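The values are calculated or read from the model by the stated rules, or taken from the named source; none is laboratory data. Just so it is clear, the structure is predicted and the values come from calculations on it, not from any experiment. So basically every Cβ, Gly included, is an ideal-geometry build from the backbone, and we count neighbours across all protein chains shown.
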Amino acid sequence: MNPNLILVWLSLLLTPCAFSQNTFRVMFYNVENLFDIIDEPDKQDEEFTPEGSRHWNNYRYYKKLNNLAKVITSVGEWETPALIGMCEVENEKVVKDLALYSPLKKMQYRYVVTQSEDARGIDVALLYQRDKFKYLQHEGIRIVFPHNPQKKTRDILHVTGEVLTGDTLDVFVCHFPSRRGGEFESEPDRLHVASVVREKTDSLMAVRPHACILIMGDFNDEPSNKSMRQLGNEKNEGNEKNEKNERNGLWNLWLPLEKKSKTGSYKFRDQWNFLDQIIVSKNLLNAGNSFHVLPETATIFQAGFLLIDDTTHGGKRPKKTFHGYKYEGGFSDHLPVFVDFVMK
């Protein structure tokens, strides 16, 4: 063998990967109905049981876990993401099974899960790698709707931790109320939840003006919708700067994608939507900071194995666990999204 080739080969083996040294990948994924097979009497989860309408059994449950592990590993490329926000998880058990009893177990993820009052029992969660994110504390932010105190939805998960640069990172994982009943009819619910998140981030920045804040989730709205303009730095209808959002110092990384891309993370009939997004405090866009967003890395993960021919509307669509009530054995009705941060 050519001696020069041997030297190159050895240098590749002995040089740590730049990705693992300096890059901190954050992923969000609506995992679509990650239910165990146990019927919880006080939750509307009967269809996801062996006797239920979806005939949800151990085989299908563990196939789902293995499928999700495949997606997470694929998103990670060189290594799995440092942080993974998830929604549509039923409880702590399903997150534990994913972290400890799927192919992800070798990555030694730890996790935090909310305990929401959602009628179906679904929650949000955060998986994190301890060697990249030192957990400090967390809280579940309960949502109370002033116009309807009896209405239940998912809690907002707020996790505080420290990254390797020594920066404190506040992470919010969200699953905003759905558009059931109509987009505009249901909009006040999403506006209210957005105002709760905004109030929390404003409070953090009042104490720490340069707070590192990351908000990710399925917002059931597009980046340009009203609820998201409460969180992102969009201009209002009068083409004037929204001063309140400017003070918030938040930026929606998915806004440029919505404006220039014809794809999305969720397909409704023949229309792709940008419901899954990641928002950051504006100081995380500053390349001079020790921990900041790597430009142009906001990505919708569209690997071929996640997609299937859309025989009804044309093109492709996500390969789901169920298409209607037909078992498809796929991954989710959403595609995952991610963004990279640089540590220096």
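If only residues of the range 71-98 that are more than 16 Å from the chain's Cα centre (by Cα) and over 20 Å from T49 (Cβ atoms) are counted, the one that is surrounded by the most Cβ atoms within 10 Å (Cβ to Cβ) is E79. The set of residues in the range 260-271 being in contact (Cβ under 8 Å) with a residue 24 or more places away in the chain and either surrounded by 19 or more Cβ atoms within 10 Å (Cβ to Cβ) or not polar (S, T, N, Q) (or both) consists of G264, S265, Y266, K267, R269, D270. Counting just the residues of the range 134-162 that are of a type in the set (V, I, T) and closer than 18 Å to G121 by Cα, which one comes out surrounded by the fewest Cβ atoms within 10 Å (Cβ to Cβ)? The residue in question is V144. The sole residue among D123, D155 that is in contact with a Ser or Thr (Cβ under 6 Å, 6 or more places away or on another chain) and within 27 Å of D340 (Cβ to Cβ) is D123. Within the range 313-344, being closer than 20 Å to D270 by Cα, touching a residue at least 40 places away in the same chain (Cβ under 8 Å) and among the acidic types (D, E) holds for one residue alone: D333. When the range 190-226 is filtered for residues that are part of a helix (DSSP H, G or I), in contact (Cβ under 8 Å) with a residue 40 or more places away in the chain and over 17 Å from the mean Cα position of the chain (by Cα), the ones remaining, listed by number, are H192, V196, R198, K200, T201, D202, M205.
Checking L307, L294, L257 one by one, the residue that is closer than 30 Å to C212 by Cβ, out of contact with any helix residue (DSSP H, G or I) (no Cβ under 6 Å at 6 or more places or on another chain) and modelled with pLDDT of 95 or more is L294 and no other.
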